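Visitor: A single structure is presented below for examination.
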Amino acid sequence: RDFNERCAQCSEVNWGLTDGGRFYCRSCHNVTERTREVVNTDFVSNTRIHTISKGLRKQEETDGGCEWYVCEGFQLVLKKQAEALEALGVCPQMKDEILCNFWRRYLQKSKQAYCNRPAGETIKALSVCDSSTDVDSEPDRPSVLHLLSLSESEGDLQTDCSFASSTSKVSESTSVRSGSVDGSLYLMKNRKETLRMTMPMTLSFCYMALLWLREPMTLSDLLRFVVEGHIPYLNVFQHFPDKMKLCGLDLKIFCVESWPVYEEIHNKMLELAAFLDLPRFPDITDSCFLHPDMLCMKYLMEANLPDELHNWTCRVVKKICIGEADFLTLVPGNKSTRKVKYDVLAVAVIVVVLKLLFLLDDHYEWLLSDFAEERNKNNKEGGPYFEFKKWYKVIKCSLDVEQKKLDEKRAKYLWRCEKPLFYSAKKKSKVLKRRQMVVNLQNQFGKLSGSVRPAEKANPSSFQLSWSEENTDGSCFHGHSLKGILQEKCGLLTAMNPDYWLCTVKLCTEKSCGHLAHYREVDFPQSYHFVLRLFSFLLRIQPSYIHDEVCVIEHKLFNKKLCKKPKYNPSLRK
Amino acid sequence: MDSFLEERGAATAKSPAAQAGSALLPALHLPFLPPHLFQPASSHEHKLNFKKSKEVCLSYIQDSMLQKQWKRAAEFLTFYIESLEKDFSTEYMGPSEMIWRIGTEILCRHSHSSMKEFNSFIEQMKTLGVKRYLKVCLEHAFHLLCNGLIDEAYQNLSLAESWRFGEQTAVQDKEMKLIQAYRGLLDYYRWSKQKNILLEHGQDGFEDLSVEQEMHNCFRKAAVNLKEIIKIPGVWDLFVKCYVDLLEFYGDHNEARQVLNEYAYNSKFPANPNAHVYLYQFMKRHGESKKSLISALKILHDIVPSHELMIDFNTMLQKSKKRKKRRLGLEVIFAALDYAGWKENVKAWSCLARQVKQIVNSEKHLDWIKQEWNSRKDWWPAFHFSRYLAKRNWQENESLSYEKALVAGILLGKDCKYFKYVSHQGCKAQVKRFRILKKFVNKHNPVYLRISGLSDSSVQP
């Protein structure tokens, strides 16, 4: 940077620093005799790392990397993610107070730092011993291949890393060292009491911090922002400083080969909260964004449903007591309370309300719709009655369009970054060559495709579908009235619909079969499936998750009746 | 009746069960269950990962290609290419093979691609896989040839030929032979070009030693490689033809005959009608005996009864003095006309008409016709002799309708639709031969009765 002479070999001015403090040319890798006067040791602008690592870093002349630990890598990832969240408008406390504290607590609990005898010490000692007495310790040392298969079966680490398929030769892979100090041993640590840090876990950390702060961001929002690239996750290692070399098993730890899955992040967050021994989280009250009443309002808007429905969702929420802070607030480690997925809960409430009013049995909703259509034709006064058919048409149309866009986007996703990873120094040239070829081919066919390189990211928004009253085409249903389907009884508005069908008669136990309910599209009315599909698109989760939640809510709602039933009609119990 | 059937059905259904009940039951062996049967389908199945994303991308490419949307295909390919970075597999259809195939197709079809671009793409593909190198080279050469770039193709093949990488596998060995053979083919092409120059100049009484030398040089190079490939069992029509041409030019007829015989008769080679065609043509060129010509065509007749050489075959057989051969001739021409491709071929019909007429006139061997006709009388009338065809043939081709009418008249009698229509039209148009035809058929109408088996006196010598 402060060395501006031209390179003797390629006459470029593009200098990098080697570990010995010498300048090298980034274009042709020519190393000069010139050294930098001041060796900059705090290459990571984050001072916290220094509290973890003890003393001055040893710089290895050989591979130009610096000593670093896996947890430092994760710390960097978390820092990047927190910064991105801050840029999205999350309160600034989050990074330096909340997330930082969680992280410190994690390091302490997992005995990596802030304790008398950090686990890292033993690891380091082990790894040193390994490399010095190579012959004797060989049989005791598990092969890398074994480690790979181990972590694969665990399923929480990325299983399909590029090197996994290439490590066919055991002899070769065992000799490959990881770039980090403890990388090769990291995957081996499998003690039950510590929760191993993984890439998906970084998102669990973020979500936990957001939840603590009661930020208006649901988990589905967070994951969507990750996929859309607003929060660093995939290829986050490219933000690591040059001296933090990733190789060997580090790739398995930091390389991301799949998108985070809602349930996985959620469950890990719960596990993490319990592991960290956190106290009860701040109360989720009805003024919080995550409260079902609030979220229902949001999702009703997004689903283009009449505002009047909100009244009904609130009534359902109240009736089954899921709006209470005790129900909604996370108490880590408390196994008796249900772990609330706020967004899924809210959409499930909406689905239940729709079932209460429209039945969604592929028959009754169309009947009501015809009735409303008739009424709208004859009576132009006042707001229009809500027509299910019209709503279905409008939503189906834009949902299909958006779904198609999303599918194409998924197919077109670029997973690789400019900075390729290589498993070992041996592979470096091959990997770089491949990378270059890929770039060339991409350019060649990119030109033929006629489209300019993918447009820059759209601004993040918590709404994916938006409807506005200002549109004159009548595609917005927010102001439509439910009058046609309600009737007054004893001064109260009730639904005309006297019936209801349950999605399931009996809930399964989550422990034995993994689900509370089972969803097969063909077994259910198409209208019901359509509604599930709509919300599953909005939350980017499987329809069956929403179905599970719907079943749970129904059972709470009809609890009394369900319990009574056997008395009157015991024959049904079969 | 119905109830009876039901009863019977019930009885048969019951009886095995009853038997099984009385007999000792064998122990029931339950099949194995998958080890993770009770694990619920986890969310991981729906997880979008690198592999799945690329698979979806590939299916988009295939869709667009099927719909000839080359731009769109190129667009998705841009995103699919990334999967190369994961392709360390040795699977046959890895991403690199896909990218090579798809990319080639797109570059060939896309309106905005150029030869230069194509070449640079292929050069990259060559470096992608050692195992595929020769295949890519060969297809590249084909593509260059299709675009008339013969010298470039030649260069390419020579380069591929000199390529060495570790131990060659059996497959690579074969591919290398192919590469050499195609280079030999191009050498042949050069040779024939030189030959033409020389022949032209030869007429002018001008001789150019260097051209002649060059020509012989090409001959040597071509001959060596072509000779190699045709030793391997396979279909090498192109190579064989060129090689034989070379040999014939230099007067090495024995070698040429041997090559062709080997190609046609070696049982290790797949059955190949062209092999017999080449042999026949060679023998004809060199004026070999009728007998050997007939034997070559006989095999061809067995493999491809509809081959165009069947006319020659029939003509040759008709002229024969031996009864057996003439009998075969009739068989051959009838068989050829079974195929739709011959339907409107005047030559074929006149062959048949001539032979039928000859047989009827001589009143000998009517049973031959009868035998051939037996298997065809169900479908030939509709296939060849419909009124519609009569009309069309008459309008489009008078001679054809004449020949066909004769055959129809003999085989189906004077009342058949085809004959009636054509002879009527012919007489109306005052064409002499049709009047003679009418007379002929009327005279020989009893033949029809005998052929179709309507007459008692059908047994004839």
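The values are calculated or read from the model by the stated rules, or taken from the named source; none is laboratory data. Bear in mind that the values here come from a model prediction, so they are computed numbers and not experimental data. Every residue, glycine among them, receives a Cβ derived from its backbone with ideal geometry; neighbour counts consider all protein chains shown. Note: accessible area is taken over every heavy atom of the protein model, side chains too, but ligands, DNA and RNA are not part of it. Shrake-Rupley method; radii C 1.70, N 1.55, O 1.52, S 1.80 Å.
Visitor: Suppose we filter A:S220, A:S258 for residues that are open to solvent by less than 30 Å² (accessible area, probe 1.4 Å), within 17 Å of A:Y342 (Cα to Cα), within 20 Å of the chain's Cα centre (by Cα) and in the same structural domain as A:W103 (by the TED database); which single one remains?
Guide: None of the other options fit; the residue is A:S220.
Visitor: Quick check, is A:S449 among the hydroxyl-bearing types (S, T, Y), touching a residue at least 12 places away in the same chain (Cβ under 8 Å) and more than 30 Å from A:G179 (Cα to Cα)?
Guide: No: the conditions fail for A:S449.
Visitor: Right, something else. Take region A:347-390 and flag every residue that is polar (S, T, N, Q) and over 30 Å from A:I322 (Cβ atoms).
Guide: The answer is A:N376, A:N378, A:N379.
Visitor: Which one is surrounded by the most Cβ atoms within 10 Å (Cβ to Cβ) among residues in region B:398-456 that are assigned to a loop (DSSP other than H, G, I, E, B) and among the polar types (S, T, N, Q)?
Guide: Top of the filtered list is B:S452.
Visitor: Then there's this: Counting just the residues of region B:351-397 that are of a type in the set (S, T, N, Q) and closer than 26 Å to B:L317 by Cα, which one comes out most open to solvent (accessible area, probe 1.4 Å)?
Guide: Step by step, filter region B:351-397, then rank; the result is B:Q371.
Visitor: Please go through region B:241-264 and give me each residue that is closer than 22 Å to B:I294 by Cβ and in contact with a helix residue (DSSP H, G or I) (Cβ under 8 Å, 6 or more places away or on another chain), ordered by number.
Guide: B:V244, B:H253, B:A256, B:R257, B:V259, B:L260, B:N261, B:Y263, B:A264
Visitor: Right, A:K335: loosely packed, with under 13 Cβ neighbours inside 10 Å and either among the β-branched types (V, I, T) or under 30 Å from A:S287 (Cα atoms) (or both) or not?
Guide: yes
Visitor: Any chance you could count how many residues in region A:400-433 are within 9 Å of chain B (Cβ to nearest Cβ), surrounded by 13 or more Cβ atoms within 10 Å (Cβ to Cβ) and either basic (K, R) or not in a helix (DSSP H, G or I) (or both)?
Guide: 7
Visitor: Please state which one of A:I350, A:I253 is of a type outside the set (S, T, Y), out of contact with any Cys (no Cβ under 9 Å at 6 or more places or on another chain) and crowded, with 20+ Cβ neighbours inside 10 Å.
Guide: A:I253
Visitor: Could you tell me whether any residue of region A:436-443 is more than 13 Å from every other protein chain (Cβ to nearest Cβ) and either assigned to a loop (DSSP other than H, G, I, E, B) or surrounded by 13 or more Cβ atoms within 10 Å (Cβ to Cβ) (or both)?
Guide: The answer is no; no qualifying residue exists.
Table: residues versus (1) at pLDDT below 90; (2) surrounded by 19 or more Cβ atoms within 10 Å (Cβ to Cβ); (3) in contact with a Cys (Cβ under 6 Å, 6 or more places away or on another chain); (4) closer than 11 Å to B:L309 by Cα.
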position: B:N254; (1), (2), (3), (4): yes, no, no, no
position: B:N261; (1), (2), (3), (4): yes, no, no, no
position: B:Y265; (1), (2), (3), (4): yes, no, no, no
position: B:A271; (1), (2), (3), (4): yes, no, no, no
position: B:Y280; (1), (2), (3), (4): no, yes, no, yes
position: B:S289; (1), (2), (3), (4): yes, no, no, no
position: B:K298; (1), (2), (3), (4): yes, no, no, yes
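Visitor: So, in region B:300-331, of the ones that are outside any loop (DSSP other than H, G, I, E, B) and under 16 Å from B:A271 (Cα atoms), which residue ends up most open to solvent (accessible area, probe 1.4 Å)?
Guide: B:D302
Visitor: So, in region B:134-148, how many residues would count as being under 12 Å from B:N119 (Cβ atoms) and open to solvent by 50 Å² or more (accessible area, probe 1.4 Å)?
Guide: Of the residues in that region, 1 qualify.
Visitor: Mind checking whether some residue in region A:381-392 is small (G, A, S) and within 14 Å of chain B (Cβ to nearest Cβ)?
Guide: no
Visitor: Answer yes or no: is there a residue in region A:277-297 that is among the β-branched types (V, I, T), assigned to a loop (DSSP other than H, G, I, E, B), open to solvent by 40 Å² or more (accessible area, probe 1.4 Å) and modelled with pLDDT of 90 or more.
Guide: So far as region A:277-297 goes, yes, one or more of its residues are among the β-branched types (V, I, T), assigned to a loop (DSSP other than H, G, I, E, B), open to solvent by 40 Å² or more (accessible area, probe 1.4 Å) and modelled with pLDDT of 90 or more.
Visitor: Since B:H216 meets every condition but one in (1) part of a helix (DSSP H, G or I); (2) open to solvent by 50 Å² or more (accessible area, probe 1.4 Å); (3) under 22 Å from B:N274 (Cα atoms), which condition does it not meet?
Guide: (3)
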